[in-house]
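Coordinate-derived values only; no laboratory data. On a predicted model such as this, the values are computed, not experimentally measured, just so you know. Backbone-built Cβ (ideal geometry, glycine too); neighbour counts: all protein chains shown.
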Amino acid sequence: MSGEKQPRKASSVRHTRAIERDHSKHSITAPTAAQIRERLTEIVHPATLEQVGYFHRLGLRERTLGFVVMVAFVLEMIWRQISGASELVRIIQTEAVLWAAPGKVSQQAFSERLSTLPSELFLNVRLSVLPLVQQRWTERKRPLPAEIAWVQERYSEVQVVDGSTLDTLIRKIGLLKDLPQNPLAGKITGLLNLCSRLPSRIWYESDPKAHDQRFWPQILAALKANSLLIFDMGYINFMIFAQLTQAQVKFITRAKSNLVYTFERAVLRTAAVHDSLVWIGPEDNRQLVRLVEVLYGGKWYRYLSNELDTEKLPTAYLVALYWQRWRIEDAFAIVKRLLGLAYFWCGAQNAVEMQIWATWLLYAILVDLTDAVAEALHQPFAAISMEMVYRSLYFFTQAHHRGQANDVVIYFAANAKLFGIIKRKRRSAHPSPLELIPILTDSEQP
């Protein structure tokens, strides 16, 4: 009936608007403790200075908001979750920001630099920092999950790849204001080192509808021989499978329910585990792979791998490693929800890219800090909450200002229970396959 109230159409950007409202109402955070500033400066500043020569080769001239200063400002804006350019400008004029001294800066000038300073410079800084934090991870001693400790001794790298669509660009400024609806910010694809949790590569595509398959050329170019790659069904491509095998890269993925294959022979078979060699793909890309089927919770789960050597990759470890694929989802959650990549300061393409590279740079630094805390507590990285490490920086800053703490790692280790830094032990709904699947003896092989 015409008099009836029509149901309101759900807003496609309601979630993002809620994020923007919440972000814009954040109170100004306290200045970062001196030791945290020193830690950020120690890791990032040398890599920033390395890019100054490239900055000049691009024909860019120094100004008040030069590249080195802008890196400090952008990192501070993300690290302290400052809600916008106007708030940051007030902070810049009243206090030192990382390695940048206080100075007079206008909001217009800062916003203009977000749009024009090449984001590639921030990408280069992130790439320069990664080997350093990876080396720091290698030198630390802390327990590792059984499957991670096992696999890193057998493969040169273990990488997980996945993609994530970025949220809506709410602020309609510049070219965006004439669009009929708020556009999505694009799509990122990440290649995550499963052992260290550090992002090996991040790719950005401005088209939010870009399919995962579009990123395969970049992924292939980034992989090393004798590495192991884990991905979900969105990346299944028989031609790519053949290229991975040719490049001496092993993979683990889920098998689609409609997979067409030709059975070759059984590797092992029990009531709950089937491990078989099968042929998949069309004639041009026909390939022998392993099809592993596991009965769990009344449901069969199926996995594919081109690692045919069951001694190098036993069934239990194959399944356990795929279940670790979720670590890249955790990484996306940290950068989007905790470090604010669900909120964009500026709709300009360059500014979006700048924020993406800077956020992933700070994610790597947060991983480095969390790993140091894990070492101090003699706990595996997975037992430490990255979120609570980040949120507890406030308490360290206050303790530091009172003269009660000088070392953030020692302080967190001493107050881990108070701050919830060690995750609560819960009965997992998905225990490790290493607990579920017996390591079969030769006598049980068919």
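Share of pairwise Cα-Cα distances greater than 30 Å in the range 144-331 is 26 percent (whole percent). Taking 0.36 nm per residue of sequence separation and removing the Cα-Cα distance, the TYR394/GLN243 pair yields an extension gain of 49.5 nm. For the pair ARG90 and TRP326 in one chain, pulling the backbone fully straight at 0.36 nm per residue adds 81.0 nm over the alpha carbon distance.
Exposure proxy shown here: for VAL158, VAL74, VAL267, the number of other Cβ atoms within 10 Å sets the order, fewest to most, as VAL267, VAL158, VAL74. Applying 1/(1 + (r/R0)^6) with r as the Cβ-Cβ distance of ASP309 and ARG424 and R0 = 45 angstrom yields a FRET efficiency of 0.70. Computed extension gain for GLN349 through GLN108, at 0.36 nm per residue and net of the alpha carbon distance, reaches 85.0 nm.
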